[in-house]
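Q: The following block contains the structure, expressed as structure tokens.
Read-outs throughout are calculated quantities, based only on the coordinates presented, and are distinct from any laboratory measurement. Please read these numbers as outputs of a predicted model, since none were measured by experiment. Here Cβ is always computed from backbone atoms with ideal geometry, including for glycine, and neighbour counts include all displayed protein chains.
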Amino acid sequence: MTPDKTSTVVATPAPGAPTAIRVDLLGPDTPVTPGRDGIPLVVRVTENDKPLTNAMVTFEVQAGPAEFADGFEAAQTDTTGVATALSLTASRPGTVRLRVATGAYVGTVTVEVR
């Protein structure tokens, strides 16, 4: 991880979530600035260290100065377990906490807006 990376790396699972599933935040991997539309939020979902393919992942802002155009976004993982939300918009600097869910797994990731 580079020193200027602005986001957490691993989602924190909710209590009781399956421990075999892991969500890693891949991006944004550069500083996020307010007012920019369509910040790509990229995650990799694995189960037992293998990509979880064709899984529906939902993204929702829990707290912070950002929002999705429809209040949330859903995306399906590809063959490498990667899913991308494209409609996140940040309004001002601060920490954005996002809920990431797939199946019975619910976790959180954070993104810093500077």
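Q: Quick check: pseudo-label points 7 Å beyond the Cα along Cα→Cβ at Met56 and Arg114, how many nm apart are they?
A: 3.7 nm
Q: Okay, moving on. What are the trypsin sites (Lys or Arg not before Pro) within the range 17-95 that DSSP puts in a loop, where the Cβ has at most 12 other Cβ atoms within 10 Å?
A: Details: sites: Arg22, Arg36, Arg44; in loops: Arg36.
When the trypsin sites (Lys or Arg not before Pro) of the range 17-95 are filtered for loop state and at most 12 Cβ neighbours within 10 Å, Arg36 remain.
Q: Given a Förster radius of 25 Å and the C-beta distance between Gln76 and Leu26 as r, what FRET efficiency does 1/(1 + (r/R0)^6) yield to the nearest 0.05?
A: 0.95
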